[in-house]
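Reviewing the structure listed below.
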Amino acid sequence: MTEATVAPFVEETPGEVPVRGMLHRAADSSGDFLVLTHGAGGNSNAALLVALAEEFAAGGISVLRCDLPYRQRRPHGPPSPANAKDDQEGLRRAVALMKDKSEGRAFLAGSSYGGRQASLLAASHPGLVDGLVLLSYPLHPPGKPAQLRTTHFSALRTPSLFVSGTKDVFGAIAELQAAIKLIPARTELVQIDGAPHGLSKKGSAQDVARIVRQRFQSFFV
């Protein structure tokens, strides 16, 4: 099998939110693509995201691994709630650009904060993508289980694959199982045994990526 090609992806159209990242173009492409983004404390070069992009591209799905607008503005620090709409617009723009280059299905994935913004975007834009992959969804702040981030779940009509560690302090497996019942679309929750928030421990990114791709393939037949 021919290896995927990896190249910088930069789109800066005046009046539009810029999109910057790395494009893993599958050599034996199915035509499907995945836009993949990061959590609040990281960027698109996180080890798990790189491993996921490589795994998916090797399986025929091209991946745009991109930085959210807040991370483009500054290399460190958390996002501001006031700029969440900009981050969602950055994802919408990334999907639109990839649709121009692809003929297959569109998927959107994000880790923690990135996954939450992806789900909010999909809830407000039905039909934008064919599926979501929500990695370590931050169901609530650590130690504050009453502060659920599920208000938009009842409006989410996009098939959603959740992947969470059994030691995630942002939401226990039982809490997630209850929460995703609010979503009026097909869902599945994949458990990564012993994994914390962020899913991968040192050296385990490739193993987690392999599990995610396998469950992705069975869920999004």
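Rule-based calculations on the coordinates, nothing more; no lab input. No experiment lies behind these values; they were computed from the predicted model shown. Here the Cβ is made from the backbone with ideal geometry for all residues, glycine too, and neighbour counts use every protein chain on show.
Brief remarks on what is shown
- The aspartates and glutamates within cross-link reach of LYS201, meaning a Cα-to-Cα straight distance under 19 Å and a gap of 8 or more places when in the same chain, are GLU54, GLU55, ASP168, ASP193.
- Dipole of region 5-219, positive direction: furthest Cα of PRO142, HIS125, LEU108, with charges on the beta-carbon: PRO142
- When Rg and Dmax are taken over the Cα atoms of region 1-118, they come to 13.4, 45 Å.
- Each Cα pair under 8 Å and six or more residues apart adds its sequence gap; the mean of these over the residue count of region 32-126 is a relative contact order of 41 percent.
- As a length-normalised measure over Cα pairs under 8 Å and 6 or more apart, the relative contact order of region 5-219 settles at 17 percent.
- Over the chain: helical MRE at 222 nm, DSSP H runs n ≥ 4 each giving -39500 (n - 2.57), nearest 500: -9500 deg cm²/dmol
- Size descriptor, Kirkwood hydrodynamic radius, that averages inverse alpha-carbon separations across region 58-153, Å: 14.4 Å
- Where only C-alpha atoms are counted, convex hull volume of region 163-221 per residue in Å³: 72 Å³
- Highest mobility in the GNM of the chain, judged by mean-square fluctuation with C-alpha springs under 10 Å and restricted to ALA53, ALA27, ALA118, is found for ALA27.
- Kirkwood Rh, Cα atoms: Rg over Rh of the chain: 0.93
- The magnitude of the dipole of region 5-219, with charges of +1 and -1 set on the Cβ of Lys/Arg and Asp/Glu and taken from the Cα centre, is near 420 debye.
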